[in-house]
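Report on one structure; see the data block that follows.
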Amino acid sequence: MARTTSASGAHPHEPHGDSFAAKLNWLRAGVLGANDGIVSTAGLVVGVAAATTDTAALFTAGIAGISAGAISMAVGEYVSVSTQRDSERALLAKERRELRDEPDYELAELAAIYRAKGLTPETARKVAEELTAHDAFTAHAEAELGLNPAELTNPWQAALSSAVAFTLGALLPLLAILSPPVTARIPVTFAAVLAALALTGSVSARLGGSSRGRAVLRVVLGGALAMAVTYGIGQLADVAGI
Ligand SMILES: [Zn+2]
């Protein structure tokens, strides 16, 4: 339920819009959110199943875990994106004030940015003048702050999508533990979860352009560790007669 996996990877300074990179970021956030749902719910239901064969208890624990996880993800995401957007808005307001109060200084500043990117002073000046004539505010927001003022991330949308991603991932271990006969519950869940994690690990490695083998290994080992730990806890509770 670490919302860092879904939030911070996705939008810091990354205004989302129709661009390919932005879509890729949202997709990656979705895969990571699903991953969170798989691992945390798998750990939860395996732990409960190791302690009891009571299906109602298992179902209740699973649903409660999924709800708590999805809400926690949504709240974390909402807070994170709102904070980000507040600071982006403050920067944009400051830029707007500066453009109003010191237009000459701002024009020189914009030209300097294009000179620093490699344009000649004459071309940089001309680019800055034309952009300023067209839409000074957007030009400054993009060049100086890396922000598109029309496309700030919506915190509600971010919250909803991370809750949905988490829930979709979380349903897999819940179905895996409830579907088979009681004695096969835990092995079936282990197998289904590790296979699903191999898939999400592979997809997120591909989206992120990193090494697939290592990404898959990390996420599969992480999931196996989570289930092994909660299985041990459930067994202890069972043995102790809790
Ligand atoms: Zn400026």
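With every protein chain kept in place and ligands, DNA and RNA left out, what is the accessible area per residue of segment 147-230? Probe 1.4 Å, answer in Å².
Accessible area per residue, segment 147-230: 49 Å².
Tell me, rounded to the nearest percent, the portion of alpha carbon pairs in segment 32-91 spaced more than 13 Å apart.
67
Given 0.36 nm per residue, what is the gain on full extension from V182 to A133 after removing their alpha carbon distance, in nm?
Taking 0.36 nm per residue and subtracting the Cα distance, the gain is 10.5 nm.
Pairs of Cα atoms under 8 Å, at least six residues apart: use those to get the relative contact order of the chain, whole percent.
Computed value for the chain: 35 percent relative contact order.
Placing one identical point scatterer on every Cα of segment 109-186 and ignoring solvent, what is log10 I(q)/I(0) from the Debye formula at q = 0.11, 0.12, 0.17, 0.21 Å⁻¹?
Each listed q corresponds, in turn, to -0.54, -0.57, -0.76, -0.90.
To the nearest 0.05, how large is the calculated FRET efficiency for S19 and L221 if R₀ is 30 Å and r is the Cβ-Cβ distance?
0.30
Could you tell me what percent of the accessible area of segment 113-226 is made up of carbon and sulfur, with a 1.4 Å probe and every protein chain present?
65
Starting from the coordinates of the alpha-carbon atoms of segment 22-124, obtain the Kirkwood hydrodynamic radius over all distinct pairs and give the value in Å to one decimal.
Taking the inverse mean of 1/r over all distinct Cα pairs, segment 22-124 comes out at 18.5 Å.
Calculated FRET efficiency, A64 and N148, Cβ-Cβ r, R0 45 Å, to nearest 0.05?
Rounded to the nearest 0.05, the efficiency is 0.65.
For the chain, what is the charge dipole size about the Cα centre, in debye to the nearest 20, if Lys and Arg each add +1 at the Cβ and Asp and Glu each add -1 at the Cβ?
Dipole of the chain, to the nearest 20 debye: 1040 debye.
If I model a spin label as a point 7 Å beyond the Cα along the Cα-Cβ vector, how far apart are those points for T83 and L236 in nm?
3.3
So what is the relative contact order for segment 156-242, in percent, with contacts set as C-alpha pairs under 8 Å and at least six apart?
Worked out over segment 156-242, it gives 19 percent.
List the lysines whose Cα sits under 25 Å from the Cα of K94, skipping any in the same chain fewer than 8 residues away.
Straight-line reach from K94, under 25 Å: K117, K126.
Which of L147, I71, Q235 sits farthest toward the positive end of the charge dipole of the chain, with +1 on the Cβ of Lys and Arg and -1 on the Cβ of Asp and Glu?
Working it through, the farthest residue towards the positive pole turns out to be Q235.
Report Rg(Cα)/(2.2 N^0.38 Å) for segment 150-224, keeping two decimals.
Working it through for segment 150-224, the quotient is 1.37.
So what's the convex hull volume per residue for the Cα atoms of the chain, in Å³?
Spelled out: Cα convex hull of the chain, divided by residues, is 130 Å³.
The values are calculated or read from the model by the stated rules, or taken from the named source; none is laboratory data. Nothing here was measured: the structure is a model prediction, and the numbers come from that model. Methodologically, a virtual Cβ is constructed for each residue, glycine included, from the backbone with ideal geometry; neighbour enumeration extends over all protein chains shown. Note: areas computed on protein heavy atoms with side chains; ligands, DNA, RNA excluded. Shrake-Rupley method; radii C 1.70, N 1.55, O 1.52, S 1.80 Å.
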